[in-house]
Structures are given as C-alpha cells and as structure tokens.
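Have a look at the structure below before the remarks.
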Amino acid sequence: MSPVSLPSDFEWGFATAAYQIEGAVDEDGRGKSIWDTFCHLQPTRTKGADGDVACDHYHRYEEDLDLLSRYGAASYRFSISWSRIIPLGGRDDPVNEAGIAFYDKLIDALLARGITPWVTLYHWDLPQGIHDRYGGWLNVEESQLDFERYAKVCYERFGDRVKNWITINEPWIVSIFGYGNGWNAPGRSSINPMAVQGDTSTEPWIVGKALIMSHARATSLYNRDFRHSQKGKIGISLNGDYYEPWDSQDRRDYEAAERRMEFHIGWFANPVCLAQDYPECMRAQLGERLPHFTESDFALLRNADMDFYGMNYYTSQYAQNRGTIPLDTDFLGNVNELQENKDGMSIGEKSGVSWLRSTPNLFRKHLTRVYRKYGKPIYVTENGCPCPGEDKMTCEEAVNDDYRVQYFADHLDAIGRSCEDGSDIRGYFAWSLMDNLEWSDGYGVRFGVTFTDYDTLERTPKRSALLLKKMFDERMSTTREHDAGPVGLND
Ligand code: GBH
C-alpha cells in the first residue's frame, strides 16, 4: 500500500524529557526534584533505577544533537528541569544562572544546526523544595503562583529563541500515577501498600486542578506579556488512549468508552481548550471530591487561550461498563479496561510492554474525535513503542527494529487519514530520541530510535532512526487529493 500523504509543511522531530536523559543531578547548583527522592528512597519502586547518570545527556548534548542532524530532524522536543532553573522551586527563591547557562547552550546548539526547539516546562520533575514547603501540587493556590514565576523566567531568558512552548506534560499521569496509584513520584496512594500514605479519594482531583490552573497562569502570562514581542506558540500535552466498546452490541459499553475518554481527556481539555467546567460524568461520579472552578478561575482560563493541543498517543483499549457503584478510589470512571473484546478480538499487535499494542486505526479515530471536540490544531508530541523482546536484546539485535519501523509508518498513515477526515494536524514527535529512564520501569524498557548502552553510554542508531526522514519525505512530497485543484485540470 502506498503511504498516505501529509501536509507539505508538516513539522517533525524527536522528543525527550530532562529527568529521563540528563543525569548530572548534583551539578551546577541543580536542586532536588521529587523524582530524585522517589528513586532513592524506595529503589524497588523504580526497578532499582535512578536518574543520577541516565544517558549523561548533560555532558553529551552536542553528540546527541549531532544524532538529530544525522536523522534529518527539523525539530526537537525536550524539557527543562525546573530545579536547575530555580533550585528550591518557589517564586521568591533565587534563579540559578548555571542552570540557565546549560539550556542556553542547548538551545544555541540546536539553532546552530537548524533545528527548532520545542520546550516542555514541566515533565514531572517538581522541585522537592516546594513539595516539602507546602505539599507541591496538593496546594492549588501556592503551586500555580510558583509555576507562573518559573514559566516567566523561562520566557524571559529563552523566549527570544524558543517559539514553541508546552506547559505541562500529561497532567493525567501526574495526578493519577503520582497521587492515585502511587506508581510515580511523589508516590502517594491509599490503595498501594508500597506507597506514601495519601488520600486517593481526593488527592488526584486536587492535583488535577493545580495543574490546570498552573497551565492557565503560564499561558495567560505568555498571552499578556510575551506573545506580542516573542511571537511564539503555546499549548499543553495530554495523554489518553482511544476506547472502543468491549461489547459492540451493548449501549452501556459505548457509554463506558465515552466516559473513560472524558475521565482521561475531558478532565483537562474541557477547561484548557474550551474554558469549560469538567465533564458532567465526572461530577456525577465524584461529587464534591472534584474541586470547583470559581468565577476568577474561569476568567483566568478564558485568558489562557492556547495555540495547539499536544497529543501523546501510544495505544487504545476496550472499555467495559463496570455496572457497580464506583469506589471512591476509582479514577477510571467505573470502567474496566481490556485488550480483547467480547468476541476475543485483540485491540492490536503486542509490543515490548504489556500496556501497549499497536492500534493505528484507533489513532485516526482518536485524532479526529479530539479535533472535532476541542477544535485546536494538533501536534502529536509523543508516539512510539518498544519492540517485542527488545528489553532482552543486545545492541546488534536491537538496531533491527522492524516492529518500530512498521509502527511509525502505520501511525503516520493514520495522521494522514485523520487529515482527510478534516483534522488540522501540524506536527509529530517520535518518542524517543534515545533509550532512556522509563520512569518506574527503569532502564529495561527501550523506547528509543537510538540504542543506549548504559555501561559505556555509547549511542547506536537503530534502523528506525534513519528511516523516519524517508517516511516523512515520501508522505510530504505528494500533493494531497483535495489540494489537486479543479477537476479536469490534470486529466
Ligand atoms: C509517556 O507517558 C511519557 O510522557 C514519557 O515520559 C514516557 O517515557 C513515555 O510515555 C513512554 O511510556 O504499566 O500498564 O499500568 C505515557 C503514559 C504511563 C502510559 C505509564 C502507560 C503504564 C501503564 N504511560 N503507563 S501500566
């Protein structure tokens, strides 16, 4: 089958996040983040892994940017470590010039190679200082003011060169994994025996509001004080699978699928894209455990109009209605998530991690649904996978990543198809530039297009790294059907 075409000005590149690649955690005045604490306090919770060295990108960034050039990438998405910029995190705490200097060098080195920087302000590494001082994201009023000041410093210091900003990566994961099941830092939960004891019935929803309002503060600040002079774009990156009904004959499973997506995406997209309240099904289930937006919150959300919806997409699932009264620790919307439907049909082909199956047709549906519902131009800010068995492979074996090549090709075609549905999709970032610290899964799970040898820190390109440019060239060169001009002209 011939590849499906993409808009000729489509933007593409690779993505990473600070704690997953940088290492150098004690250098140049960096403060601790909640991920340093999480990894070191209970190493069993991250399979013994920590980010102390990671890929040592902090010292090897020039080499890594050379890889980007070699792969032909036009753009690169990375995140800034808040505690390198403001070691203690708070709005009255000092700015660390050595931290600024690192990102200055990184940005300049990208621009020197003709690569456009896309900067995420928050990819999960909250300064420990503000977690200790007032509970971090559990304090809605304090955290949004500290995040706003951090964002301001970044706009002031980098905004002359950075024109693409992502405020927060995956607020759903931050809330649910950090404060619901406790699988991510700061690891709080009342349903996970290994966790720091928290109140799972309320904390994720409070943290969600803190993240929404922090995004709103940072975005409205950009709109008011920086947009005019810096002329950049700003958005947020939301994760969220697409859900199909488990029993296609059962209306309750259709409702479950829709409800599951509202709990995953609408929770954040309603306020940040539409300046609207949470989805009704969330209020119906959660009642007063879900915080309210005040009139002044809504005013702030309305001033936080953003340029794009960043979509992180990996997989999809079947949704089955649970049919019981939801527990007060249920954050899925009273839905069971399954990988096979009622007839035993699989949602997609297995990858190298249990939670991810390749589901490109549902990616198309997801893109089209999100575009129609929220109306923002979409940038796919993450997409990728580990190959089956890759965790056990040597470098020589892992570089032949045919599964990943096919995954990318199928998902790029899905984007093309969603464009045919009328969606405005403008860019794509493959996750990830290199194998890196996969959070609580440690270093075993490899999402990179570059193999990282964690003993020698040597990088080796996999086949997919070198093929992605070709895939984009093929898809971006052909004229789209509906761009072909009046019928009759070309025949
Ligand atoms: C993204 O999260 C992150 O932004 C990125 O940093 C990360 O490296 C990348 O994905 C790859 O995982 O163990 O079955 O309970 C995506 C959200 C969070 C989805 C972990 C899957 C595990 C589900 N992912 N989750 S499971």
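The values are calculated or read from the model by the stated rules, or taken from the named source; none is laboratory data. Just so it is clear, the structure is predicted and the values come from calculations on it, not from any experiment. In this analysis, Cβ positions are derived from the backbone assuming ideal geometry, glycine residues included, and neighbour counts consider all displayed protein chains.
Quick notes on this one:
- Matching residues, the stretch 241-260, being under 16 Å from the mean Cα position of the chain (by Cα) and not in a loop (DSSP other than H, G, I, E, B): Y242
Yes/no per residue for (1) surrounded by fewer than 24 Cβ atoms within 10 Å (Cβ to Cβ); (2) over 24 Å from N223 (Cα atoms); (3) more than 16 Å from the ligand (Cβ to nearest atom):
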residue: D132; (1), (2), (3): yes, yes, yes
residue: V140; (1), (2), (3): yes, no, yes
residue: R149; (1), (2), (3): yes, no, yes
residue: F158; (1), (2), (3): yes, no, yes
residue: W172; (1), (2), (3): yes, yes, no
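- Beta carbons closer than 7 Å, at least 6 apart along the sequence or on distinct chains, pair a first residue in the stretch 81-95 that is more than 21 Å from E22 (Cβ to Cβ) with a second that is buried (at least 24 other Cβ atoms within 10 Å of the Cβ) and of a type in the set (V, I, T) for G90/I130.
- The set of residues in the stretch 111-130 being surrounded by fewer than 23 Cβ atoms within 10 Å (Cβ to Cβ) and more than 19 Å from Q20 (Cα to Cα) consists of L111, A112, R113, G114, I115, T116, G129.
- Unique residue being without any contact (Cβ under 8 Å) to a residue 24 or more places away in the chain and in a helix (DSSP H, G or I) when the list is R227, R149: R227
- Subset of the stretch 181-206 that is within 16 Å of the ligand (Cβ to nearest atom) and among the hydrophobic types (A, V, I, L, M, F, W, C) - its residue that is farthest from D50 (Cα to Cα): I191
- Boolean, P291 is in contact with a Gly (Cβ under 9 Å, 6 or more places away or on another chain), surrounded by fewer than 18 Cβ atoms within 10 Å (Cβ to Cβ) and assigned to a loop (DSSP other than H, G, I, E, B): no
- So Y403, is it over 22 Å from D64 (Cα atoms) and crowded, with 23+ Cβ neighbours inside 10 Å: no
- Any hit, the stretch 2-18, residues being farther than 22 Å from D132 by Cβ and acidic (D, E): yes
- Among the residues listed as I212, I191, I173, I168, the single one being of a type in the set (A, V, I, L, M) and in contact with a strand residue (DSSP E or B) (Cβ under 7 Å, 6 or more places away or on another chain): I168
- Answer residue from the stretch 431-470, given it is in a helix (DSSP H, G or I), over 21 Å from T394 (Cβ atoms) and touching a strand residue (DSSP E or B) at 6+ places or on another chain (Cβ under 9 Å) and is nearest to the ligand (Cβ to nearest atom) among those: L468
- Considering residues of the stretch 43-67 that are among the small types (G, A, S) and within 22 Å of the chain's Cα centre (by Cα) only, the residue surrounded by the fewest Cβ atoms within 10 Å (Cβ to Cβ): A49
- For P204, the criteria (1) in contact with a strand residue (DSSP E or B) (Cβ under 8 Å, 6 or more places away or on another chain); (2) not in a loop (DSSP other than H, G, I, E, B) hold in every case but one, which is (1).
- Candidates S354, S358: the one that is of a type in the set (G, A, S), within 27 Å of F308 (Cβ to Cβ) and within 16 Å of the ligand (Cβ to nearest atom) is S358.
- Looking across S214, S229, S248, S201, one residue alone is at pLDDT 95 or above and surrounded by 23 or more Cβ atoms within 10 Å (Cβ to Cβ). It is S214.
- Flag for K342 being within 19 Å of L6 (Cα to Cα), modelled with pLDDT of 95 or more and part of a loop (DSSP other than H, G, I, E, B): no
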